[in-house]
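Asks: My questions all concern the structure below.
The values are calculated or read from the model by the stated rules, or taken from the named source; none is laboratory data. Keep in mind the model is a prediction, meaning the values are calculated, not measured. Here the Cβ positions follow ideal geometry from the backbone for every residue, glycine too, while neighbour counts run over all protein chains shown. Note: areas computed on protein heavy atoms with side chains; ligands, DNA, RNA excluded. Shrake-Rupley method; radii C 1.70, N 1.55, O 1.52, S 1.80 Å.
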Amino acid sequence: MTVNIPSLTEARKRTNNKVLIKKNAYQLTEQQKKIGLNKKYYLKTYGCQMNEHDSENMKAILNDMSFQETDNLEEADLIILNTCAIRENAHNKVFGLLGRVKHLKQTKDVLVGFGGCMAQEEVIIDEIIHKYKWIDFVFGTHNIVNLPNLIEKAYHNKKQEIEVFSCEGEVIENIPVKRDNKYKAWVNIMYGCDKFCTYCIVPYTRGKQRSRLPEDIISEVGDLIKDGYQEVTLLGQNVNAYGKDLDINYTMANLLEDVAKTGINRIRFVTSHPWDFNDDMIDIISKYDNIMPYIHLPIQSGSSRILKLMGRRYTKEEYLTLFKKLKEKIPNVAITTDIIVGFPGETEKDFQDTLDVVDICKYDSAFTFIFSPRVGTPASKMEDNVFLEEKEERLQRLNQLINQYSKENNDKYLNKIVPVLLEDYSSKKKDCLKGYTDTMKLVNVKADSRYLGKIVNVKITSVKTWSMDGEIVNCENYVKN
Ligand code: 5AD
Ligand code: SF4
């Protein structure tokens, strides 16, 4: 039986030890390759792109173990939850599904695994040990590579297996991946985060910032091109800090340029922290046509006082200066953001500063959240005298303004011709495919399956707040709006 329990104190530690890059850590025994024969797995993913991508790794591992995927919970022999810890409502959703899974486990023989960011939290593991004894195995974000051993042990031992390391982490290069999309791929460029914004659990659940080596990233992109991929999204919690932990004098600007030179048609990157966004990066983005004019630039709050309490390392004015520079230097750029309302002690005046920034930036869209205290983070201990009703009311006001600007930005696309990568059938419109513009606008396009995976010129015929409709036009050069 394995019991490795997480510790926030350990997870917070950062040493100067060099990150270990392991090229052959993932291995399967002959026995493990057969464990899943005639068995199906159901994998549910919560949270951000990083988690989605981790699930793509888990799927490939389960595939190697001969399991088949099912999207029907009831027929699964193995159920895995890949969880998110960023806010309390993510927790609630997971515990909601666990209720159903428990019920199922009483009626049939099914193995249940609990993984991802929630597994890295002490309080959650405590709850699992005491209240969810029926969960068969638990694994953390650093333990995905060991999934075959854990599953094997869980089948043999009847005791709960828990393997959650609270280390700074390593970089493991040979974990396989089963991608959900045939045309767009996520490519990790770094793991973890060292920013420690005071509200955020990520530096604890994901560990120290660890950049992958440039050659490993470029080689992955090269393989994707060979496999017909059109688009890559470079993934990290704070991609602009890429390379700072490597001692090779190589930055995000260098990486962007080298990825652009591979010739892949579309490059995106998330998430950018304003602090590390330098002029070199802006120059490279504007220089290469295959780096998409789309930037997700979380501001979190428009109040310099709150930003300081959040540990964000920039003021409202500094953010606005960067924002203006991006708009000036990158033609046609779309910028989106994340905003937290109701941070401890946020006054109406602080909130007005946030609305003020939104009025200036007129974001293409934004993800907005009510502050959710996460155990172990500094902000969870700050005095919070704002009532929930007040926070909800602020969120509503903010969302109204955000939606207004989303629609206004979208309106500018009407009758314009824009490039769209058609990636799937539209779930909303019959006889349509869906895809995204270079600026990340969702468009439903009248087209048949021949166009799947193609970047086409689309004339926008109608516009809503969240999406647009369009038709393919036969012209070689699209007009940038
Ligand atoms: N409460 C609310 N929102 C949070 N985020 C991160 N931590 C919290 C929290 N404790 C938001 C931030 C971040 C996004 C991914 O989630 O806006 O950019
Ligand atoms: Fe969390 Fe801040 Fe790191 Fe983003 S930069 S993951 S908000 S600590």
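Asks: Just name one of Ser286, Leu37, Asn409: the one whose Cα is farthest towards the positive end of the charge dipole of the chain (beta-carbon charges, Lys/Arg +1, Asp/Glu -1).
Replies: It is Leu37.
Asks: Carbon and sulfur atoms: what percent of the 1.4 Å accessible area of region 417-472 do they account for? Write down the numbers at each step before the final one.
Replies: On the way: 1300 of 2680 Å².
Roughly 48 percent of what the probe reaches on region 417-472 is carbon or sulfur.
Asks: Using alpha-carbon positions, what is the distance between the centroids of region 418-455 and region 24-55, in Å?
Replies: 30
Asks: Now, a different point. Using a 10 Å Cβ count of at most 15 others and DSSP loop calls, identify the longest part of the chain lacking such GluC sites (Glu not before Pro).
Replies: Numbers: sites that count: Glu383, Glu476.
Answer from the scan: 1-382.
Asks: Dipole magnitude of region 110-179 about its Cα centre, charges +1 at Lys/Arg Cβ and -1 at Asp/Glu Cβ only, in debye to the nearest 20?
Replies: Numbers: 7 positive and 11 negative charges, 87 e Å.
Here the size comes out at about 420 debye.
Asks: Would you compute, for the Cα atoms of region 177-411, the largest minus smallest coordinate along each principal axis and list the three values in descending order, in whole Å?
Replies: Sorted largest first, the three principal extents are 55, 43, 33 Å.
Asks: Still on this structure, I have one more. For region 417-472, what is the largest minus smallest coordinate of the Cα atoms on each principal axis, given in angstrom and ordered from greatest to least?
Replies: Here the spans come out as 27, 21, 16 Å, largest first.
Asks: Compute for region 136-199: radius of gyration divided by Kirkwood radius, i.e. Rg/Rh, restricted to C-alpha atoms, rounded to two decimals.
Replies: On the way: Rg = 15.3 Å, Rh = 14.5 Å.
Reported Rg/Rh, Kirkwood definition of Rh: 1.05.
Asks: Taking the Cα centre of the chain as origin and charging only Cβ (+1 Lys, Arg; -1 Asp, Glu), how large is the dipole, in debye to the nearest 20?
Replies: Details: 68 positive and 68 negative charges, 104 e Å.
Dipole magnitude for the chain comes out near 500 debye.
Asks: Mind giving me the FRET efficiency for Asn474 and Asp180? R0 is 30 Å, r the Cβ-Cβ distance, nearest 0.05 is fine. Write down the numbers at each step before the final one.
Replies: Numbers: r = 31 Å, r/R0 = 1.03.
That gives a FRET efficiency of 0.45.
Asks: Please compute, over every Cα-Cα pair in region 1-119, the percentage with a separation greater than 26 angstrom. Intermediate values should be presented prior to the final figure.
Replies: Working: 2065 of 7021 pairs.
More than 26 Å apart: 29 percent of the Cα pairs in region 1-119.
Asks: Hey, another quick one. What is the extension gain from Ser286 to Lys464, computed as 0.36 nm multiplied by their sequence separation minus the C-alpha to C-alpha distance, in nm to one decimal?
Replies: Numbers: separation 178, 0.36 × 178 = 64.08 nm, distance 2.83 nm.
Length difference between fully extended and current span is 61.2 nm.
Asks: Glu75 versus Gln396, label points 7 Å from Cα toward the beta carbon: distance in nm?
Replies: 4.4
Asks: Along the charge dipole of the chain, Cβ charges K/R +1 and D/E -1, which of Met382, Thr15, Gln400 sits furthest on the positive end?
Replies: Gln400
Asks: Moving to a separate point now. At 1.4 Å probe size, with every protein chain present, just tell me what the per residue accessible area of the chain comes to in Å².
Replies: Values: 21470 Å² over 481 residues.
Accessible area per residue: 45 Å².
Asks: Over region 176-331, with every protein chain in place, what whole percent of the accessible area is carbon and sulfur at 1.4 Å, could you tell me? Don't jump to the answer; show the numbers that get you there.
Replies: Working: 2900 of 5840 Å².
C and S atoms contribute 50 percent here.
Asks: To one decimal place, what orientation-averaged projected area in nm² is obtained for the convex hull of the Cα set of the chain?
Replies: On the way: hull surface 92.1 nm².
So the mean shadow area of the Cα hull is 23.0 nm².
Asks: Fully extended, how many nm does the chain gain between Asp411 and Asp245 (0.36 nm per residue separation, minus their Cα-Cα distance)? Don't jump to the answer; show the numbers that get you there.
Replies: Numbers: separation 166, 0.36 × 166 = 59.76 nm, distance 4.26 nm.
Result for the pair: 55.5 nm of gain on full extension.
Asks: Note down the Stokes-Einstein diffusion coefficient of region 56-160 in µm²/s, whole number, using a Kirkwood radius over alpha carbon pairs, 10 °C, and 1.306 mPa s.
Replies: Numbers: Rh = 14.2 Å.
Here the translational diffusion coefficient equals 112 µm²/s.
Asks: Measure out, as a whole number of angstrom, how far apart the alpha-carbon centroids of region 161-193 and region 248-315 sit.
Replies: Between the Cα centre of region 161-193 and that of region 248-315, the gap is 21 Å.
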